[in-house]
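K.L.:
My questions will all concern the structure given below.
The values are calculated or read from the model by the stated rules, or taken from the named source; none is laboratory data. Just so it is clear, the model here is predicted, and its values are computed rather than measured. Every residue, glycine as well, gets a Cβ built from its backbone with ideal geometry; the counts of neighbours run over all protein chains shown.
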Amino acid sequence: MLILGMLRQVVSGTMQSRASSCWKAALPLRFLGHSPQQIPADASFYSTSASEAEPPRVLITGGLGQLGVGLAGLLRKRFGRDSVILSDIRKPPAHVFCSGPFIYADILDYKKLHEIVVNHRITWLFHYSALLSAVGEANVPLAKAVNITGLHNILEVAAKYNVRLFVPSTIGAFGPTSPRNHTPDFSIQRPRTIYGVSKVHAELMGEYYYHRYGLDFRCLRYPGIISADSQPGGGTTDYAVQIFHAAVKNNRFECNLKASTRLPMMYIDDCLRATLEVMEAPSECLSIRTYNISAVSFTPEELAQVLCKYVPEFQITYRVDPLRQAIADSWPMSLDDSTARKDWGWKHDFDLPGLVRTMLSFQGFSTRVAHAN
Ligand SMILES: NC(=O)C1=CN([C@@H]2O[C@H](COP(=O)(O)OP(=O)(O)OC[C@H]3O[C@@H](n4cnc5c(N)ncnc54)[C@H](O)[C@@H]3O)[C@@H](O)[C@H]2O)C=CC1
Ligand SMILES: CC(=O)[C@H](N)C(=O)O
């Protein structure tokens, strides 16, 4: 009790004197995220976490989607191949299975999640399992189960075993009544998709567990992510990936959003680097627990114009999907990510031309890019 009391004094005093810049202190990191109210009456609720000096032991849920395999690659480079376990409820392709540890893990199986975290001594968890915006609308009961019940299981397990938890949110956590230009971190959030509603719920629940139980919860609102070697899983921004494959395959693309639909987007390398950076940021640098991050913002028409510089024969036509269009029209056109830039130095590397060049330089695209240059 005495130690807890001293910690309360030290932490509360420091919190009051903290300026907006990052605060350095000699206290063990696992105490720093706790404001006085955050230290629970029963501190033994937490098991001892691994020393901050040791590399984390990582679990990625929903790891076989568009983003998980790339994240595993990045984390394995940093922490070692065997420190990062990829998991999903699908069978991994051979090259993924051979690239490092993989296990079957259904996030709806609460007991199994405990077993995995205990048996593998997990200290960091990246919770990527979800049904995205378009597939979520097509199967609302499943989206509720995976995105809400699944999240509850993850929160309980992470809090119980003192695991640092990353949960991605999305531009889809905003809605038609949010400001659409430079949407700030704190704004009206009344999304009209089950995906968006479940992500607002995840943001709020994660922050509640942070304040109530001291869970080290970290969250970024991703824009639409563009990747060359992984396919999107059923979202509204998927066109911005599919357009590249169509361009190289047959020089034309039929877009399911209107030409003028402006949405925030980001190249996958920026997204995954941001994810690692926010997880590595000292707790005291994080003035909030859910950050907007942003890179570029464009319409299908603008993307097609840049593509045409490299693939001059490329043609885009439009056949609007009313469901996806309604979702896109309710989302921000650009995000204000100044807090992330200030708190932990977030900065994107890929602008629109850089993103297009990089996408095209993958596989079969390379000769055309060289030709255009
Ligand atoms: N890709 C993007 O543009 C964006 C993604 N995000 C978020 O990032 C995360 C990862 O996104 P993606 O890789 O694109 O998603 P994805 O849809 O490609 O992959 C999701 C994965 O979750 C798995 N999954 C479904 N039900 C499961 C269950 N019961 N147990 C375990 N796994 C289950 C699926 O098998 C799938 O491999 C998601 O939370 C998503 O909301 C946020 C904003 C943008
Ligand atoms: C922006 C997202 O969250 C995702 N790509 C989607 O379109 O659903």
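K.L.:
Quick one: which residue in Thr299, Thr236, Thr290 is under 27 Å from Thr339 (Cα atoms) and within 14 Å of the chain's Cα centre (by Cα)? Before the answer, list the steps.
P.N.:
Values: Thr299 fails: within 14 Å of the chain's Cα centre (by Cα); Thr236 fails: within 14 Å of the chain's Cα centre (by Cα).
Sole residue among the options that is under 27 Å from Thr339 (Cα atoms) and within 14 Å of the chain's Cα centre (by Cα): Thr290.
K.L.:
Is it the case, given these coordinates, that Tyr104 is buried (at least 19 other Cβ atoms within 10 Å of the Cβ) and hydroxyl-bearing (Ser, Thr, Tyr)?
P.N.:
On the way: buried (at least 19 other Cβ atoms within 10 Å of the Cβ): no; hydroxyl-bearing (Ser, Thr, Tyr): yes.
Spelling it out, it is not the case that Tyr104 is buried (at least 19 other Cβ atoms within 10 Å of the Cβ) and hydroxyl-bearing (Ser, Thr, Tyr).
K.L.:
All but one of (1) farther than 18 Å from Gln242 by Cα; (2) of a type outside the set (Val, Ile, Thr); (3) in contact with a helix residue (DSSP H, G or I) (Cβ under 6 Å, 6 or more places away or on another chain) hold for Lys347; state the number of the condition that does not hold.
P.N.:
With (1) farther than 18 Å from Gln242 by Cα; (2) of a type outside the set (Val, Ile, Thr); (3) in contact with a helix residue (DSSP H, G or I) (Cβ under 6 Å, 6 or more places away or on another chain) applied to Lys347, the lone miss is (3).
K.L.:
Does the range 121-158 hold any residues that are in a helix (DSSP H, G or I), within 12 Å of ligand 1 (Cβ to nearest atom), surrounded by 24 or more Cβ atoms within 10 Å (Cβ to Cβ) and of a type outside the set (Ser, Thr, Tyr), and which are they?
P.N.:
Passing the criteria: Gly136, Gly150, Ile154.
K.L.:
Does at least one position in the range 160-178 carry a residue that is without any contact (Cβ under 8 Å) to a residue 60 or more places away in the chain, within 16 Å of ligand 1 (Cβ to nearest atom) and surrounded by fewer than 19 Cβ atoms within 10 Å (Cβ to Cβ)?
P.N.:
Scanning the range 160-178, I find no residue that is without any contact (Cβ under 8 Å) to a residue 60 or more places away in the chain, within 16 Å of ligand 1 (Cβ to nearest atom) and surrounded by fewer than 19 Cβ atoms within 10 Å (Cβ to Cβ), so the answer is no.
K.L.:
What are the pairs, 6+ residues apart or on separate chains, where a residue within the range 228-248 that is farther than 18 Å from Gly70 by Cα and modelled with pLDDT under 95 has its Cβ under 7 Å from a residue that is away from ligand 1 (no atom under 12 Å from the Cβ) and assigned to a loop (DSSP other than H, G, I, E, B)?
P.N.:
Within 7 Å, the pairs are Ala247/Val311; Ala247/Phe314.
K.L.:
Hey, another quick one. Of the numbered conditions (1) under 29 Å from Ile288 (Cβ atoms); (2) away from ligand 2 (no atom under 14 Å from the Cβ); (3) of a type in the set (Val, Ile, Thr); (4) part of a helix (DSSP H, G or I), Ile188 fails exactly one; give the number of that condition.
P.N.:
Going through the list (1) under 29 Å from Ile288 (Cβ atoms); (2) away from ligand 2 (no atom under 14 Å from the Cβ); (3) of a type in the set (Val, Ile, Thr); (4) part of a helix (DSSP H, G or I), Ile188 breaks only (4).
K.L.:
Within the group Gly206, Gly214, which residue is within 30 Å of Ile122 (Cβ to Cβ), in contact with a Pro (Cβ under 7 Å, 6 or more places away or on another chain) and at pLDDT 95 or above? Working first, answer last.
P.N.:
Working: Gly206 fails: in contact with a Pro (Cβ under 7 Å, 6 or more places away or on another chain).
On inspection, the qualifying residue turns out to be Gly214.
K.L.:
Filter the range 219-249 for residues that are buried (at least 24 other Cβ atoms within 10 Å of the Cβ) and more than 12 Å from ligand 1 (Cβ to nearest atom) and give the result.
P.N.:
The answer is Ala247, and nothing else.
K.L.:
Moving on to the next point. Taking only the range 106-122 into account, find how many residues are touching a Ser or Thr at 6+ places or on another chain (Cβ under 6 Å) and of a type outside the set (A, V, I, L, M, F, W, C).
P.N.:
Total satisfying the criteria: 0.
K.L.:
Among the residues of the range 80-87, is any part of a helix (DSSP H, G or I) and either near ligand 1 (Cβ under 10 Å from one of its atoms) or touching a Pro at 6+ places or on another chain (Cβ under 7 Å) (or both)?
P.N.:
Restricting attention to the range 80-87, the residues satisfying the condition of being part of a helix (DSSP H, G or I) are 81-83.
Among the residues that remain, those that are also either near ligand 1 (Cβ under 10 Å from one of its atoms) or touching a Pro at 6+ places or on another chain (Cβ under 7 Å) (or both) are: 82-83.
Yes, that holds for at least one residue.
K.L.:
Look at Leu220 and say whether it is in contact with a Leu (Cβ under 9 Å, 6 or more places away or on another chain) and within 30 Å of Asn162 (Cβ to Cβ). Spell out the reasoning first.
P.N.:
Working: in contact with a Leu (Cβ under 9 Å, 6 or more places away or on another chain): no; within 30 Å of Asn162 (Cβ to Cβ): yes.
So Leu220 does not fit the description; no.
K.L.:
On to the next question. Check every one of the helices (runs of 4 or more DSSP H) wholly within the range 318-360 and list those with 1 or more residues that are among the polar types (S, T, N, Q) and crowded, with 17+ Cβ neighbours inside 10 Å. Outline the logic, then answer.
P.N.:
Working: elements: 322-329, 338-344, 352-360.
Fully inside the range 318-360 and qualifying: 338-344, 352-360.
K.L.:
Counting only residues that are closer than 22 Å to Pro282 by Cβ, hydrophobic (A, V, I, L, M, F, W, C) and more than 15 Å from the chain's Cα centre (by Cα), which one in the range 153-177 is nearest to ligand 2 (Cβ to nearest atom)?
P.N.:
From the range 153-177, those closer than 22 Å to Pro282 by Cβ are 158-159, 161-169; that's our starting set.
After this cut, where a residue has to be hydrophobic (A, V, I, L, M, F, W, C) as well, the list is 158-159, 163, 165-167.
Next cut, more than 15 Å from the chain's Cα centre (by Cα) only: 158-159, 163.
Values: Ala158: 22, Ala159: 25, Val163: 24 Å.
Per the stated criteria, the residue is Ala158.
K.L.:
List every residue pair whose Cβ atoms lie under 8 Å apart, where the two residues are 6 or more positions apart in sequence or sit on different chains, the first residue falls within the range 324-348 and is at negative phi, and the second residue, located anywhere, is surrounded by 19 or more Cβ atoms within 10 Å (Cβ to Cβ) and of a type in the set (Asp, Glu).
P.N.:
Taking only residues 6 or more apart or on different chains, the pairs are Ile327/Glu137; Trp346/Asp337; His348/Asp270.
K.L.:
Can you tell me which residue among Thr261, Thr317 is polar (S, T, N, Q) and under 23 Å from Phe350 (Cβ atoms)? Let's see the steps before the verdict.
P.N.:
Details: Thr317 fails: under 23 Å from Phe350 (Cβ atoms).
Unique residue meeting the criteria: Thr261.
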